[in-house]
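J.: Questions regarding the structure given below will be posed in turn.
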Amino acid sequence: MQCSVFAPAHITGFFEIKKHNEAVLSGSRGAGVTLDDGVLTRVLIKEGEGKLQIVVNGQIQNNKRFISNIARDILERMYSPLNLANFDISIDHDHKVPLGSGFGVSAACALGTSLGISSCLKLPLTFNQACEVAHLAELELGSGLGDVMGEVHGGIVLRLREGPPGRGLADRILGGEELYVISRTLGEIETADIINSPHHQERINQAGSNILELLLKNPTPAQFMLLSRRFAEETHLMDDELRELVEIMDEESLGASMAMLGQTAFAISSEPDSSVEKVLVSRIDNFGCRFL
């Protein structure tokens, strides 16, 4: 039993943290963009002795590594240990965007794992229910709040109501022209350190409380980037080195800002060019997470 799932990378431009007593209803409102670069997950399941192997970009992961924790959290939500003992499971993730840098890699791995295992074992879950498992794993590990919804939907995504697919609500900006996402990563940011900090939560929610409504009044890629830059400045999450990159990229595109949450500058452009060295150039993905 085997299958392959592609989940596009997702860069959040701005967001607002929304927590509820029921974890499944929690998440974030905001907006982001998906890339045609992302994570390809291959799941292989056969009868065996309960072995689990997780591979990321050709490297076998030990039990303490982050992507392994995502897979194990998902497996625990789906099965009892007794059922797991009957299978050997191999999960192979291949990603071409940086981990821990604001591209939603953890959510893409979670989606690939949840959807892949559900499909291989023909579990009694709908597409949205399997995505909900991935969303809950993200919340549990503090690795993201809205990336699952963004990656499932595709495009320049407007997350109108927090929660996973089936419970949250999303829309997207219309656009007939081909647009590119140009990004340059300087390093990593630990997402959990930001979204679990009361100080950062207050700043984020103050800055993000009315921005989505402004974008809905003028839903264009340029307005999305303008409001994303405003959010990055008001939250004080962007340091001087990253701001210098953002300002260069802003002059060459429809707008540039900081990826939330990562030490990454990104821009949306009608041309796949930049004077900044070592950029990743991607097209906007308009299809969302899918089986291959």
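J.: Run GLU16 past the list (1) among the acidic types (Asp, Glu); (2) part of a strand (DSSP E or B); (3) more than 29 Å from GLU234 (Cα to Cα) and report the number of the one that doesn't hold.
T.: (3)
J.: Only one of these conditions is not met by PRO165: (1) surrounded by 22 or more Cβ atoms within 10 Å (Cβ to Cβ); (2) assigned to a loop (DSSP other than H, G, I, E, B); (3) in contact (Cβ under 8 Å) with a residue 40 or more places away in the chain. Which number is it?
T.: (3)
J.: For the range 136-150, which positions are touching an Asp or Glu at 6+ places or on another chain (Cβ under 9 Å) and either part of a helix (DSSP H, G or I) or over 21 Å from ILE11 (Cβ atoms) (or both)?
T.: Within the range 136-150, the first condition is being touching an Asp or Glu at 6+ places or on another chain (Cβ under 9 Å), and the residues that meet it are 136-138, 140-142, 144-149.
Of everything in the range 136-150, those that are touching an Asp or Glu at 6+ places or on another chain (Cβ under 9 Å) and either part of a helix (DSSP H, G or I) or over 21 Å from ILE11 (Cβ atoms) (or both) turn out to be LEU136, ALA137, GLU138, GLU140, LEU141, ASP147, VAL148, MET149.
J.: Suppose the filter is surrounded by 24 or more Cβ atoms within 10 Å (Cβ to Cβ), among the β-branched types (Val, Ile, Thr), part of a helix (DSSP H, G or I) and in contact with a Cys (Cβ under 8 Å, 6 or more places away or on another chain); does ILE74 pass it?
T.: No: the conditions fail for ILE74.
J.: Sticking with this structure for a sec: Condition first: in contact (Cβ under 8 Å) with a residue 40 or more places away in the chain and more than 29 Å from GLY255 (Cα to Cα). Now tell me which residues in the range 1-19 satisfy that.
T.: Taking the range 1-19 as the starting set, the residues that turn out to be in contact (Cβ under 8 Å) with a residue 40 or more places away in the chain are 1-18.
If the condition is that a residue be in contact (Cβ under 8 Å) with a residue 40 or more places away in the chain and more than 29 Å from GLY255 (Cα to Cα), then MET1, GLN2, CYS3, SER4, VAL5 are the ones that fit.
J.: Restricting to the range 1-57, and then to whatever is small (Gly, Ala, Ser) and surrounded by fewer than 23 Cβ atoms within 10 Å (Cβ to Cβ), can you tell me which residue is nearest to TYR79 (Cα to Cα)? Steps first, please.
T.: Step one: filter the range 1-57 for residues small (Gly, Ala, Ser), giving 4, 7, 9, 13, 23, 26-28, 30-32, 38, 48, 50.
Those left that are additionally surrounded by fewer than 23 Cβ atoms within 10 Å (Cβ to Cβ): 4, 23, 26, 48, 50.
Details: SER4: 20, ALA23: 19, SER26: 23, GLY48: 16, GLY50: 12 Å.
Only one residue tops the list, namely GLY50.
So that you can scan it fast, the table gives a plain yes or no per residue for (1) within 21 Å of ASP273 (Cα to Cα); (2) not in a helix (DSSP H, G or I):
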residue	(1), (2)
GLU213	no, no
LEU216	no, no
PRO219	no, yes
LEU227	no, no
GLU234	no, no
MET249	yes, no
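J.: Based on what the data block shows, is ILE117 part of a strand (DSSP E or B), in contact with a helix residue (DSSP H, G or I) (Cβ under 7 Å, 6 or more places away or on another chain) and crowded, with 23+ Cβ neighbours inside 10 Å? First the steps, then the outcome.
T.: Details: part of a strand (DSSP E or B): no; in contact with a helix residue (DSSP H, G or I) (Cβ under 7 Å, 6 or more places away or on another chain): yes; crowded, with 23+ Cβ neighbours inside 10 Å: yes.
When the stated conditions are applied, ILE117 does not pass them.
Every number here is computed from the coordinates shown, using simple stated rules; none is lab data. What you see is a predicted model; the values in this text were computed from it and never measured. Glycine also receives a Cβ, built like all others from the backbone with ideal geometry; neighbour counts cover every protein chain displayed.
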